[in-house]
Amino acid sequence: MRPVAFSRYFCMYVLTMITVPSPLLAEVSISPDFSKSYTARDADIAMRDGVKLHTVIVAPMNNKGPYPILLSRTPYGADNRKFSFDPLFAKAGYVFVFQDVRGRYRSVGKFLWMTPEYHPGGTGIDESTDTFDTIDWLVKNIPHNNGRVGLIGISFGGFYAAAGAIDAHPALKAVSPQAPQTDWFVGDDLHHNGAFFLAGYFNFASLCGEAADPMVCAPHFDFAATNGYKFFLGVGPLPEFDKKFFHGRFPGWTETMAHGTYDDYWQARNLLPHLRGIRPAVLAVGGWFDANDMYGSLHVYSALKNQSPNTPAALIMGPWYHAQWSDPQHDNGQRIDALNFGTPTSIFFDEQVELPFFEHYLRDGPDPHLPGATVFDTGANEWHQYTSWPPENVVTTPIYLSSGKALTFSRDTKSGFDNYVSDPANPVPSTARVTLDMDRDYMAEDQRFAAGRPDVLVYQSEALMSDVTIAGAVTPRLFISSTGADGDFIVKLIDVHPNSDGKSMAGFEELVRGDVLRAKFRDSLEKPKPLIPGQVTAVSFPMQDAFHTFKKGHRIMVQIQSSWFPLVDRNPQSFVDIYTSRPIDFRKATVHLYFGGTNASHLDLPVLAR
């Protein structure tokens, strides 16, 4: 995906709503059905410290009411971007409110990336207090409102929605964090398990956020290439990106490069520990193919269940890439590239889940009786409902790497190892496409492009005699050694379709889940430690959840490699701060992966008992 297109998805922050001309808010340009039904005005709302936040208010013209308020807060411009109504919400009648967060676009104050949560219990200003003050003004100053407010947002907007639920205003009754950013070092957007997601963040940095120009989300330079693999490889080590492109003008990039471990900077920006005593009802939304913030969706829900058990909390996970569910009029969620899910999943979400959730809590509509989790099985193409996620009837079942590149449910009695040479100068590509970006749908790509490389180990089961359904987090447990002092370990769990599975899907290697661990963080994200060259070392990490049925006749495959470029930056394979690394730090390493006996590498699968 080109950089401009990328911004449409990474920067998506709210359910599709309105089109407001900028900078004058004289009229609302929306679909013909509603162009004469709504009117817009703007207001600058003062926070408790006197800072004023620019806010756009779009209300029904008929003044019949009373109407609930649906609020979205964004760093991407409340009136500089174009939106279209979700017809269901428009017909139901809502007051839609969009607000620039402090320091962005037409709001004053200082903008912080992933604002640390100072409240409750303190006197600081954060997104929780700004949301509280905004809602207090809205219910007192918007005519014909019913005194109830909903809060909604996607991606960065999802972060603001989740933060706004903390120590919430009494009028805030329902919150929907959708693909919310929650922890930028552990699993959302910027890093997974400490490994830096280069292509996606570089594109975002080049689009949204020069210090001198916070009003514009647009390209700041032209890529001199169309092949992202060659482009990113040609730039060199990470310090070269700022030297060649940003020149210190993008605070987010500069701050990221200054914090190469899970230090106080990142821990302060982890929203999850603060989700305690949440009073509004919460609907967490995410997609199984969300390349950006699937982690946030799942972990907001789990944090609420563990830390705020009295909160009415529900989770929905569909077969969606980032924000795909948000515009069912243009993308009904039935397919991603070659994957066809057989049903318009986004329309189901819109009609059966999202609108009923807000209608119930914001104006006493019928109770939709949402269970703890509504989740889509990406292998069986079916919706399922459970009282919680993951389901209770899950059995941890190891599947072992074995001799002959086999994958079996029984431990190999024969000990051995396979090996490969990982070369930072020739990293394993993360996609077969010619692209400059982290494509929003890379997780739906056929993985056969990587299987033939000598630096990718491939293990495959026999054809399954019956269906195998996994529901939850997959945990690789590997025994490795390396001639390097550091290294990345990428594990991909793949559903191999039979050759008889239709022309387009014959032999298709469907990525069910893939993730990465930076070996120096194997024991602690805060205190990295080197590998001891040649020493057998246990490496394990939880991959993000999946809900997938490997059907009878399919095969299960595991691919293991030490680079995933340019999705993830290159590991020099020497023990250094990669953010300050030099070309001399990058070295080849021979990696051994052990199987059988006492060093039986395997994946723990969360198999759903039948």
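Here is how the numbers come out for the structure above:
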quantity: Strands (runs of 3 or more DSSP E) contained in segment 505-603 and holding at least 1 residues under 26 Å from Asn203 (Cβ atoms), outside the structural domain of Gly236 (by TED's automatic domain parsing) and of a type in the set (S, T, N, Q); calculated: 555-561
quantity: Filter result for Pro498 (touching a helix residue (DSSP H, G or I) at 6+ places or on another chain (Cβ under 7 Å), modelled with pLDDT of 95 or more, part of a loop (DSSP other than H, G, I, E, B) and not hydrophobic (A, V, I, L, M, F, W, C)); calculated: no
quantity: Answer from Leu464, Leu457 - the residue that is among the aliphatic types (A, V, I, L, M), within 16 Å of Gly514 (Cβ to Cβ) and not assigned by TED's automatic domain parsing to the domain that holds Ile69; calculated: Leu457
quantity: Residue that is among the hydrophobic types (A, V, I, L, M, F, W, C), outside any helix (DSSP H, G or I) and modelled with pLDDT under 95, where the choices are Met443, Met465, Met438; calculated: Met438
quantity: Scan of segment 320-340 for residues that are more than 15 Å from Gln178 (Cβ to Cβ) and not in a loop (DSSP other than H, G, I, E, B), ordered by number; calculated: Arg335, Ile336, Leu339, Asn340
quantity: Residue in segment 498-536 that is farthest from Ala380 (Cα to Cα), counting only those that are out of contact with any strand residue (DSSP E or B) (no Cβ under 8 Å at 6 or more places or on another chain) and among the acidic types (Asp, Glu); calculated: Glu526
quantity: Residues satisfying the stated conditions in segment 244-271, i.e. β-branched (Val, Ile, Thr), within 18 Å of Phe204 (Cα to Cα) and either touching a Lys or Arg at 6+ places or on another chain (Cβ under 6 Å) or surrounded by fewer than 21 Cβ atoms within 10 Å (Cβ to Cβ) (or both); calculated: Thr254
quantity: Enumeration of residues in segment 264-281 that are in contact with a Phe, Trp or Tyr (Cβ under 7 Å, 6 or more places away or on another chain) and outside any strand (DSSP E or B); calculated: Trp266, Arg269, Leu271
quantity: Unmet criterion (only one of (1) at pLDDT 95 or above; (2) in a loop (DSSP other than H, G, I, E, B); (3) of a type in the set (A, V, I, L, M, F, W, C)) for Met317; calculated: (2)
quantity: Filtered residues of segment 428-483 (kept if over 19 Å from the mean Cα position of the chain (by Cα) and aromatic (Phe, Trp, Tyr)); calculated: Phe449, Tyr459, Phe479
quantity: Residue match in segment 43-58 (condition: closer than 25 Å to Ile347 by Cα and at pLDDT below 95); calculated: yes
quantity: Cβ pairs under 8 Å, 6+ apart, first in segment 350-376 and farther than 24 Å from Asn146 by Cα, second outside any helix (DSSP H, G or I) and charged (D, E, K, R); calculated: Phe376/Glu382
quantity: Flag if Pro371 is touching a strand residue (DSSP E or B) at 6+ places or on another chain (Cβ under 9 Å) and assigned by TED's automatic domain parsing to the domain that holds Lys588; calculated: no
quantity: Which numbered condition Thr590 fails, given (1) among the hydroxyl-bearing types (Ser, Thr, Tyr); (2) within 21 Å of Phe541 (Cβ to Cβ); (3) modelled with pLDDT of 95 or more; calculated: (2)
quantity: Scan of segment 389-418 for residues that are touching a helix residue (DSSP H, G or I) at 6+ places or on another chain (Cβ under 7 Å) and either within 17 Å of Pro319 (Cα to Cα) or not assigned by TED's automatic domain parsing to the domain that holds Leu603 (or both), ordered by number; calculated: Trp389
quantity: Checking Ser31 against (1) at pLDDT 90 or above; (2) farther than 27 Å from Val101 by Cα; (3) among the hydroxyl-bearing types (Ser, Thr, Tyr), the condition it does not meet; calculated: (1)
quantity: Of residues in segment 219-259 being part of a loop (DSSP other than H, G, I, E, B) and modelled with pLDDT of 95 or more, the one nearest to the chain's Cα centre (by Cα); calculated: His259
quantity: Residue within segment 415-426 that is hydrophobic (A, V, I, L, M, F, W, C), within 30 Å of Trp389 (Cβ to Cβ), in contact with a Pro (Cβ under 9 Å, 6 or more places away or on another chain) and touching a residue at least 60 places away in the same chain (Cβ under 8 Å) present; calculated: no
quantity: Qualifying residue in segment 295-313 (condition: surrounded by fewer than 24 Cβ atoms within 10 Å (Cβ to Cβ) and at pLDDT below 95); calculated: no
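The values are calculated or read from the model by the stated rules, or taken from the named source; none is laboratory data. Small disclaimer: the values here were computed from a predicted structure and weren't measured. Neighbour counts run over all protein chains shown; Cβ positions are idealised from the backbone, glycine included.
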